[in-house]
Amino acid sequence: MTTVLFFVFAAAALGGALGVVLSRNPVHSALWLVQTLLSVAVFFLLQDAELVAAVQVIVYAGAIVVLFIFVIMLLGVDRHESLEDPVKVQRPAAIALGALVLAEIVFLAGHEWATGARTARGAPIEGGTGAFADYNNIERVAHVMFIDYMWAFQITAGLLVVAVVGAIVLARRSGERPEGQEPGTPAPERAGPESGSGQRPDDAAVEEPVGEGAT
Amino acid sequence: MSALLGSDPLLIGDIDFTVVVIVIVKTVLVFALLLVAVMFYIWFMRKVIADMQNRIGPQRAGPFGILQTLADGIKLFFKEQSEPATADKRVFRLAPYLSILPAFLAFAIVPIGGVVTIGDHRTQLQLADPPIGVLFLLAMSGIGLYGVMLAGWSSGSKYPLLGAVRASAQLLSYEAAMGLAIVAVLIQSGTLSTREIVDGQAWDGLGSIIGRGDTHWFLVPTIVSFVIFLIAAMAETNHPPFDLVEAEQELVGGFHTEYTGIRFAIFFLAEFMNLITMCAIAVTLFLGGPSGPSLTGLGIDAGSWLNVWVMPVVWFMVKLLVLLYATVWVRASLPRLRYDQLMNLGWKLLIEIAFVWAMITAVLKVAQDVGAGAIDIIITAACALVGGFVILGILYLCIPKREEVEEIK
């Protein structure tokens with residue numbers, strides 16, 4: 001049963017990956033990417049890693065690819081992208097690096113020094129040891145995250161918040177709101193041509209790159 | 001594989017032919033239950049709204065117009081399906097199914113009744129009980145977004161695209177508030193599995209309702225989260241007053257403007273299925289799911305089929321009906337929000353309150369676990385308040401004033 005499921009979803013994952021590369025339409029590519037990500041979530045389930053599977057679906061399929069599609073939809077996909085490579089060495093370099101990564105994965109599949117975990121060739125870890133024996137997957141992750149590495153986790157969270165706040169501060173400069181708008185009220189729907197009415201001419205010139213950076 | 005199967009006693013041990021049949025029957029029953037529930041909910045909603053507006057409402061099809069939804073469904077089924085010339089055909093056809101599939105799947109984790117015995121198999125009256133439980137709901141509402149987004153994009157015209165962008169922004173914003181509201185319940189229950197959450201709220205006398213007794217409903221300890229969950233759930237399901245995704249004055253029909261016939265019906269169905277699922281989840285998380293008094297007081301044996309099969313399902317349905325009735329009141333009485341009001345409510349009010357309430361719940365839970373008295377809690381809370389204000393004050397002093405910013409420029 002597990003083997004059958006693995007092969008079915010391995011085919012789906014590979015098919016999705018091919019679809020991402022071969023689709024001419026970026027939205028189709030994004031959809032194929034969703035298929036690959038969901039298939040990988042099934043692999044996690046087959047490995048009894050249900051929390052990672054849920055996170056895979058919520059974060060990758062539910063948020064990141066949604067963001068991709070958002071950007072693609074807003075930038076417009078009707079423009080035909082030229083397939084000419086602006087950087088000539090890029091394609092051979094990509095093939096060489098891809099081959100290197102593949103070799104690396106094949107090599108690492110037989111060794112455990114990189115991660116310290118048991119490999120596909122070693123015996124699977126049964127039920128954990130010591131204090132973790134009675135815990136399920138979620139409880140073990142929670143134990144590691146909120147007890148063993150509490151400070152590292154909190155500091156990382158703080159770092160991410162600072163990064164987000166910093167991005168907002170950089171992207172949004174005060175005193176440039178359209179006329180008649182209350183300070184602090186987001187007006188995404190007014191981002192049409194009329195939104196520049198309250199701006200000084202010199203600021204309008206730098207408006208464009210900042211908007212792209214925020215996207 | 002055990003990750004998929006969860007704690008259902010049916011799926012532990014050998015899986016023979018009977019088990020497979022039971023699972024298939026359960027799947028079909030849950031699907032039929034959702035379809036029939038949508039049918040009756042739409043009729044019920046139209047009747048109640050008609051009452052509130054001094055009208056009669058549907059009355060032609062069947063007794064009291066109860067078959068009105070069926071008639072509408074048959075009509076939609078036989079209507080011509082049009083596809084805009086500019087549409088992306090494949091995605092256009094795929095989108096409705098991406099919308100309805102998560103709506104159905106999310107209901108699979110809802111415990112409808114207790115643990116029953118069929119033949120010599122014991123099984124839970126719920127389709128699936130994965131250990132990730134509630135996270136599965138969040139995953140499915142994330143996937144459900146694709147149906148709306150792709151429907152709007154693939155239609156190849158402006159209004160659906162604008163509707164889809166609005167819908168995605170709305171769903172993403174309110175998912176945060178909903179997730180934080182659920183956190184408070186998870187702190188109380190200590191588990192993600194819906195079956196264990198319901199078991200933690202088992203009936204223990206009338207005190208269960210108000211938070212007394214060994215096991216009690218999570219309603220009173222997490223009452224603020226309950227309110228936030230209901231508001232966020234309505235926003236997630238595009239229920240009025242959050243239906244600006246399909247605001248007719250601004251967007252024609254929103255993301256499904258170009259859809260006709262059965263494909264439109266599927267979107268419609270998915271929306272109501274989502275609403276029913278959300279209310280069912282609210283019942284599970286806050287109102288104890290199938291927990292309620294059994295008939296042992298009337299002299300009926302605790303092992304009788306009435307107590308094992310019927311009463312839990314009846315209690316679940318009663319609670320679900322109460323919540324669904326409340327959504328109809330909201331639908332009939334509140335005007336639609338403006339886009340900026342929607343975003344302000346979500347980001348500046350609900351998320352903050354849900355977050356603070358989750359932290360308060362956590363503190364009270366820890367205090368309860370270590371056996372702290374009321375005075376300890378008050379002192380700790382006072383210290384936390386003072387500390388919080390000090391940190392906020394320092395941050396406030398660090399922010400440059402508006403005049404200073406002007407000077408720098």
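The values are calculated or read from the model by the stated rules, or taken from the named source; none is laboratory data. Model, not experiment: these values are computed from the prediction. A quick note on method: Cβ atoms are made from the backbone with ideal geometry, for glycine too, and the neighbour counts reach across all protein chains shown. Ligands, DNA and RNA are excluded from the accessible area calculation, which covers all protein heavy atoms including side chains. Shrake-Rupley method; radii C 1.70, N 1.55, O 1.52, S 1.80 Å.
Condition (residue is at negative phi, within 14 Å of chain A (Cβ to nearest Cβ), among the polar types (S, T, N, Q) and touching a helix residue (DSSP H, G or I) at 6+ places or on another chain (Cβ under 9 Å)) applied to region B:152-159: is it met by at least one residue?
Scanning region B:152-159, I find at least one residue that is at negative phi, within 14 Å of chain A (Cβ to nearest Cβ), among the polar types (S, T, N, Q) and touching a helix residue (DSSP H, G or I) at 6+ places or on another chain (Cβ under 9 Å), so the answer is yes.
(1) closer than 27 Å to residue B:83 by Cα; (2) without any contact (Cβ under 8 Å) to a residue 40 or more places away in the chain: which one isn't true of residue B:140, the others all being true?
With respect to (1) closer than 27 Å to residue B:83 by Cα; (2) without any contact (Cβ under 8 Å) to a residue 40 or more places away in the chain, residue B:140 is out only on (1).
This table checks each residue for (1) in contact with a Lys or Arg (Cβ under 8 Å, 6 or more places away or on another chain); (2) surrounded by fewer than 23 Cβ atoms within 10 Å (Cβ to Cβ); (3) within 14 Å of chain A (Cβ to nearest Cβ); (4) at pLDDT below 85.
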| residue | (1), (2), (3), (4) |
| --- | --- |
| B:100 | no, yes, no, no |
| B:104 | no, yes, no, no |
| B:130 | no, no, yes, yes |
| B:137 | no, no, yes, no |
| B:146 | no, no, yes, no |
| B:162 | no, yes, yes, yes |
| B:172 | no, yes, yes, yes |
| B:178 | no, no, yes, no |
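Only residues that are surrounded by 12 or more Cβ atoms within 10 Å (Cβ to Cβ), in a loop (DSSP other than H, G, I, E, B) and assigned by TED's automatic domain parsing to the domain that holds residue B:321: list them for region B:64-80, please.
The answer is B:79, and nothing else.
Can you confirm whether residue A:71 is more than 9 Å from chain B (Cβ to nearest Cβ), modelled with pLDDT of 90 or more and surrounded by fewer than 19 Cβ atoms within 10 Å (Cβ to Cβ)?
no
Does region A:119-140 include one or more residues that are of a type outside the set (Lys, Arg), at pLDDT below 65, under 21 Å from the mean Cα position of the chain (by Cα) and surrounded by 11 or more Cβ atoms within 10 Å (Cβ to Cβ)?
no
Filter region B:48-63 down to the residues that are exposed (fewer than 13 other Cβ atoms within 10 Å of the Cβ) and on the phi > 0 side of the Ramachandran plot and list them by number.
Hit for region B:48-63 is B:54, nothing else.
Is it true that residue B:239 is open to solvent by less than 30 Å² (accessible area, probe 1.4 Å), more than 14 Å from every other protein chain (Cβ to nearest Cβ) and not in a helix (DSSP H, G or I)?
Criteria met by residue B:239.
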